[in-house]
Each structure stands twice: as C-alpha cells, then as structure tokens.
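Quick notes on the structure that follows.
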Amino acid sequence: MVQVVEPRHAVTLADYESIADLSGTVRSLRQEAESRLAGLDGRRVVMVNSTAQGGGVAEMLPPLLSIMRELGIDAHWLVIETRDQDFFRLTKTLHNLIHGAGDPNLAATDRDVYDRVSAENAAAMEEHLRPGDVLVIHDPQPMGAGAILRQKMDIAAIWRCHIGLDKETPETRAAWDFLDPYLKPYDHAVFTAPEYIPSSLAGRSTIIHPAIDPLSHKNRHLQVHEIVGILANAALIKPWGPVLTPSFAEPAKRLQADGSWAPATEPEDFGLLFRPIVTQVSRWDRLKGFLPLMQGFVALKRDLETRTDLEEHHRRALQLVRLVLAGPDPASVDDDPEGKEVLAELCAAYRGLPPHLQADIAMISLPMSSKKNNALIVNALQCCSDVVAQNSIQEGFGLTVTEPMWKRAALMGSCAVGIRQQIRPDLDGVLVRHPEAPEEIAETLDALLADQAKREVLGRSARQRVHDNFLVFTQVKSWLELLTNTIA
Ligand code: UPG
C-alpha cells in the first residue's frame, strides 16, 4: 500500500519575503528557480518515505515540497505503508548499523523479508509514477522498491540518506553490504555529510544539509501568552486564568510514579515554566542518548548535596532545575518498533530513582493526533528551556538541534558528526565529548546553568548560524541544482 500525501503547508513564499532578513534569500531563490526550471523539462519529482508524521524526514518534506511547487516544480509525496513489523524491525536494525550500532549478523531470512515487502511497495508505487519522473527515495525503508522501479520504468532515481557515521566499522559494513545490490540501479545519492558516503557511492553523491522552516508551527516566533496557552492546554502547566489558544483535543501525558501515563492533575505536577528546565525532545531511540542524559542530570543533583564551591544563586538554580524528556506518544509511531522498548527502559530507570529525583524529572509523551499541536508543544518547550540538550550517541544531523538554535536556545549537544556540523563548540553551543559519560554531562550542564550571559551569547550566535546555513531556502536551492545539473 502507498499513501499519497498532500504536503500541507500554510506558508507561502510571499510570507517569507515579508520578513526583512529573509526577503533577499527568497528573491534569490526565485531567480535561481527561474533560470533552472527549463532544465527540468517538466519532469515530476516524486519523494517517497516511510511515515507522514514523526521524525526528521516527515518534518522536512512539507515545506520542501510546497516551496518546490510554488517555484513551478511538479512535486509529489508518497508514503509506503506496510503492516509487516519484521520489515520495520529489519530497517531499524539497518538504521542502527549505519550509525555503527547493533548486531552486524543479519539473518539469512532478512533479505527475503526486505525483497518481499520491497516488491509489494514497488507494485503499489508504480501506479503513481509516470515515465520521466524523478523518484527521490528517503532512507533504507523504500530503497528496495525504488531500485525495482528504476530498473523497470523510464525514470531517474535518487537515494537520499539521512543517517551515517564518519568511519567504517563491522556494523556499517554489514549494513552497506546488505544494501549494496539495491543501491546499484540508483542514478545518484544525497548525504548530509561527506564522511557518510560509502565507497560504493563515491563519485555519484551530493551533500545537502537538512533544514528547518522558520515560519512553521514548530519554529515560528511565539508570544509569551501563546507559550503559556500551549503548555496549559497540553496539561504541562496550570494557568491562573483563561488562556487564549484553543484547547487541544489531546493533552500531553506525564509518567507517573506508578508507571502509568496521565495528563498532569496535581499542582506539584505543574510548574514547568516556573523553574529552570533542561529539555531534550526526540524520538524514543537509544541513539538519542536519553538514558545517559538522565543519569548525568541525576549526578548533577546528587553532587549538589556535598558541594561547597557554589555561590548561592547557582546553588538555588541547581536545586530548582528540572529535566524534561519528551518524545512522541509511542502508540502513534508505526515505522519504529524499537521506540516502545527504548521508552520502557527509560521508564524503568526513572522508576528506580528516589521520589525527590523523580519529581525533578518530567518524562512526557507528546500527542501526535494533530501535527500542528505537536509542533506547537515542541516549539513552546524549546522556547522556554534554559538549556536544550541533544545528547545523541550518533546523529545524522539533528533537526532537534537546528530548531532550538533558531530559537536562540543554549544548546548542549554531543560530538556526534551531525551535531558538529551545526554547533561550532563554544560559539553556537557546547559539546559533550562522551555522550555516554554521566559525569561529563553533569559538569557541562553545571557550567551552562551557572552562566546566563554565556547562554545568551551562544543562543544569539546559534540563531545566526541557522539563518545563514540551515533554513529551507538553502535546501531547496541545493535540490534545484542537483535536479537540473545531475539528473535532467
Ligand atoms: N519531534 C516531534 N515530536 C516529538 C519528537 C520529535 O515533533 O515528540 C520532531 C522534532 O521536533 C524534529 C523531528 O521530530 O523536527 C526529529 O528530527 P531529527 O532530530 O532530525 O531526528 P530523526 O527523526 O532521527 O531524523 C533523521 C536523522 C537526523 C536528521 C533527519 C533529517 O536521524 O539526524 O536530522 O533525519 O535528515
């Protein structure tokens, strides 16, 4: 089965152009499109991925495709749909192996599963394709289907890989050996960093950075009353009076001491806005480093009892600071069977903490039934965080870094390759060298929480860095260049 998704996006190029520091960029994008469009010769661009919501790819496609359309490119979006959990377990294993993690011994039956589901997906996709189309396949899940169609039809095919590692390991070798036969028919590949390109794709790959949409609900500027309204309607704070934003059909849920998930009801559950917070928002994925981040935060709090070196205001900040770990309601995610397992591990670690530490950590499951509400909650959380953490063990890029950088947040990232592409250490944020070392996380958080002036300077530089490099316009321009230079 294949779902045809309309890339719904309420913002037009004219909206961006009305903003002073974006208008020049948008004007030059329009000129670039005008000069290049003839090179595409009317060919359609059909992008395919494995989920319409949740995760970085689903986040990027609506603005990317909508802007392409507005510039005159006939762009479309298909999502493969399969209920086969063995297939998604295998593709998640491949995802981890490409990051250098997991067991490299793939089972002999894995290829059968991959080939069977790829053939089904190819058959379903074929009726949505026409001769001359340029197929853009995102990540390993639809790669096999794209390879079949490239060999069968008169189309071009590009594989866009959103993940990678900067060295070859037995794990990465196992993944690329598995994927190699499906990569062969592709005309070209796109990676986020040159270090990620496997040898079999050298010479037919291009680098395009992921990017964010500055006016999406995830990234647009929020007024203080909007932040309060969003968090109140998500049941994350309790307001004293009525709030302006319309109520959400589904609130966020917080992990309770008995292990259940429920919207906050008790006064002590509320107060996210009234104390300093360190926040990480990500998919529930082991490689996002949630568990060591929680352990680092616990180490910071535990050390507080014995430290004599602290000035009073700093001690107070460390006493009050809370950790917010937020991710999607796992029941809503189809293409990541590992997510539930990872969240269960994290919940078990949380429940093993003494009550006073549990009270300092908010584990939050975000509603996914409305993409807009989910985006607004993430936006509000990132906006009101004193520090945003992205403690990824590995990270292809990390839109959860780009998004808070745009909001002038003080970032504590890991040294994962994708995060290093964005944060210049001590300029746009700080980097933890060993994301699995709680003591280093505790020290880094301690230093950031002690220094408000530094947090502000980092935030300002981070915003400029995203403005100059990681907004959707740069991404569209790169795709235009690739489509017209390499493919057409
Ligand atoms: N998100 C939500 N709600 C949640 C959790 C996450 O909206 O509860 C969003 C988050 O705001 C972001 C996206 O989901 O927009 C996650 O994107 P990203 O941080 O980039 O991670 P992945 O989903 O793992 O995306 C893959 C790569 C990543 C890369 C991205 C785009 O792992 O490194 O940046 O693809 O290339």
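For region 1-121, the relative contact order is 33 percent, taking Cα pairs closer than 8 Å that sit 6 or more residues apart in sequence and dividing their mean separation by the residue count. Rounded to the nearest whole Hz, the Karplus-based 3J(HN,Hα) values (6.51 cos²θ - 1.76 cosθ + 1.60, θ = phi - 60°) of region 349-359 follow the sequence 5, 5, 5, x, 8, x, x, 5, 7, 4, 5, with x at glycine and proline. 3J(HN,Hα) along region 418-430, derived from phi through the Karplus expression 6.51 cos²θ - 1.76 cosθ + 1.60 where θ = phi - 60°, amounts to x, 6, 5, 5, 9, 8, 7, x, 6, 10, 10, x, 10 Hz, with x in place of Gly and Pro. In this rough spin-label picture, where each label sits 7 Å from Cα along the Cβ direction, the THR474-ARG8 distance is 3.0 nm. For ALA189, the residues whose amide H sits under 5 Å from its own are TRP159, SER205, THR206, ignoring neighbours fewer than 5 places away on the same chain, with H placed 1.01 Å from N. Residue order for HIS217, HIS128, HIS95, fewest other beta carbons within 10 angstrom first, comes to HIS128, HIS217, HIS95. Between region 1-35 and region 71-110, the alpha-carbon centres lie 29 Å apart. Once every Cα of region 336-488 carries one equal point scatterer and solvent is ignored, give the base-10 log of I(q)/I(0) from the Debye formula at q = 0.11, 0.20 Å⁻¹, two decimals. Ignoring solvent entirely, the Cα scatterers give -0.53, -1.40. If you take all other residues with their beta carbon under 13 Å from the beta carbon of ALA119, and give Lys and Arg +1 and Asp and Glu -1, the sum is -2.
Charge tally for PRO435 (other residues, Cβ to Cβ under 14 Å; Lys, Arg +1; Asp, Glu -1): -2.
Rounded to the nearest 5, the antiparallel percentage of DSSP beta bridges internal to the chain is 15%.
Note: relative contact order over the chain, using C-alpha pairs below 8 Å and six or more positions apart, is 16 percent.
Near MET47, the amide H atoms lying under 5 Å from its own belong to HIS76, TRP77, LEU78, VAL136; only residues 5 or more places off or on other chains count, and H is placed 1.01 Å from N. Here the simple spin-label model places points 7 Å from the Cα toward Cβ, and for ALA262 and ASP180 these points are separated by 5.6 nm. Sorting 155-167, 475-487 by their mean Cβ neighbour count within 10 Å, with the most densely packed peptide first, gives 155-167, 475-487. Per-residue extension of 0.36 nm, minus the Cα-Cα distance of SER370 and ASP115, leaves a gain of 88.4 nm for this segment. Per-residue packing, averaged as other Cβ atoms within 10 Å, sorts the ranges 57-67, 221-231, 418-428 into the order 57-67, 418-428, 221-231, beginning with the highest.
Short to long, the 20 Å bins of the Cα pair-distance histogram for the chain hold 23, 57, 19, 1 percent of all pairs.
The 3J(HN,Hα) values that the Karplus relation (6.51, -1.76, 1.60; θ = phi - 60°) gives for region 59-70 are, in residue order, 6, 7, 5, x, x, 4, 5, 5, 5, 4, 4, 5 Hz. Gly and Pro appear as x. Listed by chain and number, the lysines placed with their C-alpha closer than 18 angstrom to that of LYS340 are LYS92, LYS253, LYS288; residues fewer than eight positions away on the same chain are left out.
For region 4-105, the Kirkwood hydrodynamic radius comes to 16.3 Å, computed from all pairs of different C-alpha atoms. Taking square-rooted eigenvalues a ≥ b ≥ c of the alpha carbon gyration tensor, is region 201-241 rounded, prolate or oblate, where a/c under 1.5 means rounded and, failing that, a/b exceeding b/c means prolate? Judged from the Cα gyration tensor, region 201-241 comes out prolate (a/c at least 1.5, a/b above b/c). The listed peptides 346-353, 138-145, ordered by packing as a protection proxy, come out as 138-145, 346-353 (highest mean of other Cβ atoms within 10 Å first).
The alpha carbon centroids of region 374-398 and region 404-466 are separated by 12 Å.
The numbers here are math on the coordinates, done by the rules we state, and not lab data. What you are looking at is a predicted structure, and each value in this text was computed from that prediction instead of being measured. Backbone-built Cβ (ideal geometry, glycine too); neighbour counts: all protein chains shown.
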